[in-house]
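Asks: Take a look at this one; I'll ask things after.
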Amino acid sequence: MKWKFLNKTAAAVMSLLGINKIPMNGDASATEFTADQRKELEAKLGAEKTQKIIDAFDNELKAMNDADADLSAIDAELEAFLAENPDATPDAVDDDPEDDEEEEDDDDDEKSDKKPKAKTTLAQKVAALTKGFSAQKKTIDALMDAEETPIKPQNTIAVRTNNFKHSATHLFAVDKSFYAFEGRPWNERLRDSSAKVTDFNNDSYIPTLIDDAKHFVLDYPEALQSLMNDTRTLPAEWDRISGVLDRVASGNIITGEIVQGRAKGWNPKNKFKISAEEGKVFAKKIDITFSGYELQQIENTWIRSYNKEGSHPWKMTFIYFLLGEIIKRQALDDRNAMINGIFVQSPENREGAAVNSQDGILYVFYKYRDILKKYRPTHLGEITPENVVDKVKQLIESVPETDRRSPGLELGITETVLGWYRERAGIVYQMHKSSDEGTKVYSKNYPIDYPNIKFQPLPDMTKTNFMYITLSKNIQEMSYRREEKNAFTFTMDKRDINIFADYKEGIRLKQVGVKLGPGETPDFERQMVWSNEAPIFDASVSVPAFDDATGILNVTYPVIRIDSEFNTNITALEGLVPGQVIKIYGTSKLSAARILTKNTQINIASNYALNTDGYILMYVNADGTLKELKRTTTAETPVAEKITFDEAILDVANGTEFNFDGEAETTLTSIINGVEGKTVKIFGKSVEAKLTIASTAEISVAATVELTSATHYIELINVGGVWYEVNKVTA
């Protein structure tokens, strides 16, 4: 084909691949490079440039197809109307009566014969269409005068499918079983732009869906994996390994000095240590049941997905849409678990949270830093937007000189802290300016002066100031078989469809470090991971405790919430680390009163009832016993941040309750940044620091209000830009 805008680019790509035309799909609506062709292009041009070229090809094809489709659609719509209105045919229309009377002139006949036939036909159709509209108007007028007949309301979905071409037997003219119309009313519905939903209670439709799923995965095995990769978005620099059935281990040999000055005699000096790190894959599963009604809702969503301007980027079957939605949810769940996961074994026949299906990379850091203590963190203190640049530099400089200059390092950080760094570094160093705003922003993908260390903002890592440095390849994703994640099994239970999958995956640090033993030299203290000492998880993170009927609570994370079906008194805690603070939440949903039992290990003031919404806080002593710090019997109430002001102008943009904190008597003169309908409550302070509110152009009160106590307040509402008094307490 002839490319209008990309002819030179097409020639270059064909030359690189040794082909004579750009590969396209069946209807030439998009390119269709093979995996090998794409890989070869990426090797020669780079992944980013390859994707840009393919996108450009697809955009030009789309533009050409849309132009053809618009002309074809006009002609097709006229044909369809004339077919339904045989009285208004082109043959019955006289295009130009005056010319017909003068057809005796041979020259005129010759000119008429030379006119483009298509134009004459289109003109005739338009004239016939006009005649048809007149007939339709008469019909509509007659119906308007007729008596109304009640009709049953129907949920219609307007579907725009004019751009799609189908064969007599298959959707999109694709010769695959799951595109067939026969026995698949969902395909017929898309073809016909029908609003009628499929009756999935029909005994034959669920088995057909199950069979379609098997064939789709066999015919397009890469489609679901590609969707998984697009949604998962874990760092591409991390290492990956498959074939791990249960665990994998790697060893690291660390030697002391071996060289010495030459002297008489045999004086062996070599000493070494071996450090082994183990990684574990976790068995995970997906269990889903769709009822007939739920399948109808999914079918409606699939139909709506085609109701867009332009051609659809993918000839998407119903079964691909169904599996695709599952895959996208699975990818997000797995990604979050890979980062934030804390493994908790779920009881049989109980739902488990996705985040508790495995240990994520943050828990791996927590385990090695806070439990096993295999590396020593750098104490940086609190990180703020003002000091973040200095703190990052301090963390980097805590890494030995030879290690901190190694290529391939990454600085794991949250998006929030990275934003602080970019803003502060731009202000302090004035290195870069944003071209659109003129603000100073540090935009490099590495810390200042360290181009070998990549910023690695982790997805789903939030509400923490934890930072780490290690080699990107030191973090390894593990799986048993990568393809098993997309190996869904479908079964039918009455009129429901069940979908399930089983797979294994995990994540680990390949090398962490070793601690010095008695008498060992600093040579043996080899660290491969560095971090600050900030809490790795937010204070709101906890793990569930399920009852295994032993009375022993195994502590893998120090914040624990008792499950509502816990039915055994707790008499012992295992997995404790001296210095830990253990927090156990009860629940009022327990069917019977259960307790944390006071004994020689659990050395608390008295038994603690677990059937409340309170918690008990305990400290782990050096000998493994527990000391009580605090207990409550009611649920924690969130502490609202107190907003104070000390001037005559009150900015209400960031809250609804405001506390005066001035040192002298003050009269409120203005309230700014309030929106229509907003209500605010203003509290006073003391007699000495009296706050007075009187009527002004912006404030309307019944009488002057004086707030002389922290319990005194006035409530105002914004209407038309004026703050009106609605309530007050001044005594």
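Every number in this text was worked out from the coordinates using simple rules, so none of it is lab data. This is a predicted model, so every value here is computed, not measured. Neighbour counts are summed over all protein chains in view; Cβ atoms, including those assigned to glycine, are modelled from backbone coordinates with ideal geometry.
Asks: Listing His379, His712, His166 from the residue with the fewest other Cβ atoms within 10 Å to the one with the most, what is the order? List each step's numbers first, then the result.
Replies: Values: His379 10, His712 21, His166 18.
Starting with the residue having the fewest Cβ neighbours, the order is His379, His166, His712.
Asks: If you rank Phe455, Phe500, Phe200 by fewest surrounding Cβ atoms within 10 Å, what's the result? Intermediate values should be presented prior to the final figure.
Replies: Values: Phe455 18, Phe500 13, Phe200 22.
Placing the least packed residue first, the sequence is Phe500, Phe455, Phe200.
Asks: Another question about this same structure. At q = 0.22, 0.23 Å⁻¹, what is the log10 ratio I(q)/I(0) for region 376-418, with the Debye formula run over Cα points and no solvent?
Replies: -0.84, -0.91
Asks: Which order do Ile604, Ile560 fall in if you start with the one that has the fewest other Cβ atoms within 10 Å? Can you show the working numbers first?
Replies: Values: Ile604 17, Ile560 22.
Ordered by Cβ neighbours within 10 Å, fewest first: Ile604, Ile560.
Asks: Which net charge results for the neighbourhood of Phe566, defined as the other residues with beta-carbon distances under 13 angstrom from its beta-carbon, given Lys and Arg at +1 and Asp and Glu at -1?
Replies: 0
Asks: Separate question: Determine the sum of side-chain charges near Ala664: Lys and Arg each +1, Asp and Glu each -1, restricted to other residues whose C-beta is under 13 angstrom from that of Ala664. All intermediate terms of the calculation are to be shown ahead of the outcome.
Replies: On the way: positive: Lys685, Lys690; negative: Asp646, Glu647, Asp661, Glu663, Glu665, Glu688.
Neighbourhood net charge equals -4.
Asks: Next question. Could you work out the local net charge near Ala12, counting Lys and Arg as +1, Asp and Glu as -1, over the other residues with Cβ closer than 12 Å to its Cβ? Walk me through the numbers on the way to the answer.
Replies: Details: positive: Lys8, Lys44, Lys49; negative: none.
Here the count lands on +3.
Asks: Tell me, what HN-Hα J-couplings in whole Hz come from the Karplus equation 6.51 cos²θ - 1.76 cosθ + 1.60 at θ = phi - 60° for each residue of region 7-16, using x for Gly and Pro?
Replies: Along region 7-16, the couplings run 4, 5, 4, 4, 5, 5, 5, 5, 5, 5 Hz.
Asks: Another question about this same structure. Report the gain in length on full extension from Ile427 to Ile717: 0.36 nm times residue separation, minus Cα-Cα distance, nm rounded to one decimal.
Replies: Working: separation 290, 0.36 × 290 = 104.40 nm, distance 3.97 nm.
Gain on extension, Ile427 to Ile717, equals 100.4 nm.
Asks: Under a point spin-label approximation (7 Å from Cα along Cα-to-Cβ), what is the Asp27-Glu688 distance to one decimal in nm?
Replies: 8.1 nm
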